[in-house]
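The values are calculated or read from the model by the stated rules, or taken from the named source; none is laboratory data. Remember, it's a predicted structure, so these values are computed and weren't measured experimentally. Here Cβ is always computed from backbone atoms with ideal geometry, including for glycine, and neighbour counts include all displayed protein chains.
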Amino acid sequence: MLQTLPVLHQIPNKTWMPRLAFAPHNAAPRGDTLVVIFLRGAADILNMVVPHGEDAYYRLRPSLGIPRPDDSKTKSEDRAIDLDGFFGLHPSMHALTDAWASQQLAIIHACGAPDESRSHFKAMELMERGVDDERGPASGWIGRHLATLDTGNSSPMRAVGMGTRPQRSLSGSVPVSALRSIADFHLGGDQRALAQMRAALSTVYADDVMGQDTLSIMDTLETLDPLIYSGSSNAIYPDSEFGLALKQTAMLIKAEVGLEVSAIDVGGWDTHFAQGSVNGLMPNLMQDLAEGMAAFHADMQDHMSQLTTVTMSEFGRRASENGSLGTDHGHGSMMMVMGGNVDGGRVHGKWPGLEEGQLVGPGDLAVTTDYRDVLSEILTKRLNNPATNAIFPDHQTQPVNVLGG
């Protein structure tokens, strides 16, 4: 449960304040900082990581299909960017080619959850809880990770949900924080209000070590300003909510405030109508995603050995385009993992194919890798948490080998 500091509501004329909560004191080594990016709405992963080596893809998508890398009938900037001779990136995602070439970006295709409801609400609920069905634990998989790993970290910023409230995956016994903007910690520049809150907190936590840690972190946050932040390696974040979330994640990591998990949502992926092929609604979403991740990759090069970023979506979309030049709800999806310890520059997973007899349900990409296998590997190899049986109950983890070592 979230805990709101009791003094915050006493500050006049402030309708929203950052919510601070406290993780228990623990005593074990922490691993990477984990950044979880959830593409809400069921991203059309077949147009993100294009199986251009599969003829069936073009039969199923005569209008929405992305031209092959060697298609001389189309402009080069409109063609898929070849990755391995079979798969290619959508041209709007070209910003990720540096991370791919440096082997710090890996893709897991045809992955997802066993749920076949094709319901956004149910699929997201089960995926964020990390369970097969509603009978599983009500807490989120990240929440259970935090509860089962002792890191000695008492920071109120141990786990942060970017937005006005934490993501469902963060729910559990360990309190977390919601952060819409670091600027909100500045109280809009109202020095009188800042001084009032600081004095009240100092009184409340005068003899509380964890409270004093919180005050120290708040002092650090007051020095951070996303509007004037300049990333390393000339990194330029997109001017979007997603770009701001990644920029603030980078700032928190560099400020060493104890951040272990940052959860970020990117909405708008439910593309039933006029989603666009090379240009349009979905290509714009892909560009924002790719440019944000590319900026984060460039900015965090000095921290990449202790950083893992993963993307996920509740399910994929129908293999065939629909009559409205969009795609309907499907099944198999795709994940990306970025970091300094990734077995990158590779598309992982078993490709099930798009031919008749290979598709499942009403015509969807099959799932050959459970998303929990990818997350379990990250948890055990990079976050030093072997308690995957507690985090993903009733799931028998299978190796994915998306991480080196």
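Structure summary
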item	result
Selected residue (only one of Val347, Val360, Val342, Val400 is out of contact with any Leu (no Cβ under 7 Å at 6 or more places or on another chain) and crowded, with 17+ Cβ neighbours inside 10 Å)	Val400
Leu46 vs. criteria at pLDDT 95 or above and part of a loop (DSSP other than H, G, I, E, B)	yes
Filter result (assigned to a loop (DSSP other than H, G, I, E, B) and touching an Asp or Glu at 6+ places or on another chain (Cβ under 7 Å)) within the range 144-181	Thr151, Asn153, Ser154, Ser155, Arg158, Gly163, Gln167
Residue count for the range 42-93, restricted to those that are out of contact with any His (no Cβ under 7 Å at 6 or more places or on another chain) and either basic (Lys, Arg) or within 23 Å of Phe242 (Cα to Cα) (or both)	14
Residue match in the range 131-138 (condition: out of contact with any Phe, Trp or Tyr (no Cβ under 8 Å at 6 or more places or on another chain) and either at pLDDT below 85 or assigned to a helix (DSSP H, G or I) (or both))	no
All positions within the range 143-157 that are modelled with pLDDT of 90 or more, small (Gly, Ala, Ser) and over 17 Å from Val35 (Cα atoms)	Ala147
Residue list for the range 73-93, filter: among the acidic types (Asp, Glu), without any contact (Cβ under 8 Å) to a residue 40 or more places away in the chain and in a helix (DSSP H, G or I)	Glu77
Failed criterion for Ser117 (all others in (1) closer than 30 Å to Ser233 by Cα; (2) assigned to a loop (DSSP other than H, G, I, E, B) hold)	(1)
The range 230-269, subset of a type in the set (D, E, K, R) and surrounded by fewer than 20 Cβ atoms within 10 Å (Cβ to Cβ), residue nearest to the chain's Cα centre (by Cα)	Asp265
The lone exception for Asn385 - which of (1) assigned to a loop (DSSP other than H, G, I, E, B); (2) crowded, with 17+ Cβ neighbours inside 10 Å; (3) touching a Phe, Trp or Tyr at 6+ places or on another chain (Cβ under 9 Å) it fails	(3)
Index of the failed condition, Leu96 passing every other in (1) within 16 Å of Val278 (Cβ to Cβ); (2) in a helix (DSSP H, G or I); (3) touching a helix residue (DSSP H, G or I) at 6+ places or on another chain (Cβ under 8 Å)	(1)
Filter result for the condition that a residue is surrounded by fewer than 22 Cβ atoms within 10 Å (Cβ to Cβ) and within 19 Å of Val310 (Cβ to Cβ), over Leu126, Leu146	Leu126
Checklist (1) within 30 Å of Arg158 (Cβ to Cβ); (2) part of a helix (DSSP H, G or I) applied to Tyr58, failing item	(1)
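Residue-wise test of (1) closer than 23 Å to Asp44 by Cα; (2) at pLDDT 90 or above; (3) of a type in the set (Gly, Ala, Ser).
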{"position": "Phe185", "(1), (2), (3)": "no, no, no"}
{"position": "Met218", "(1), (2), (3)": "no, no, no"}
{"position": "Ser232", "(1), (2), (3)": "no, yes, yes"}
{"position": "Glu241", "(1), (2), (3)": "yes, yes, no"}
{"position": "Leu259", "(1), (2), (3)": "no, yes, no"}
{"position": "Gly268", "(1), (2), (3)": "yes, yes, yes"}
{"position": "Gln275", "(1), (2), (3)": "yes, yes, no"}
{"position": "Asn279", "(1), (2), (3)": "yes, yes, no"}
{"position": "Met286", "(1), (2), (3)": "yes, yes, no"}
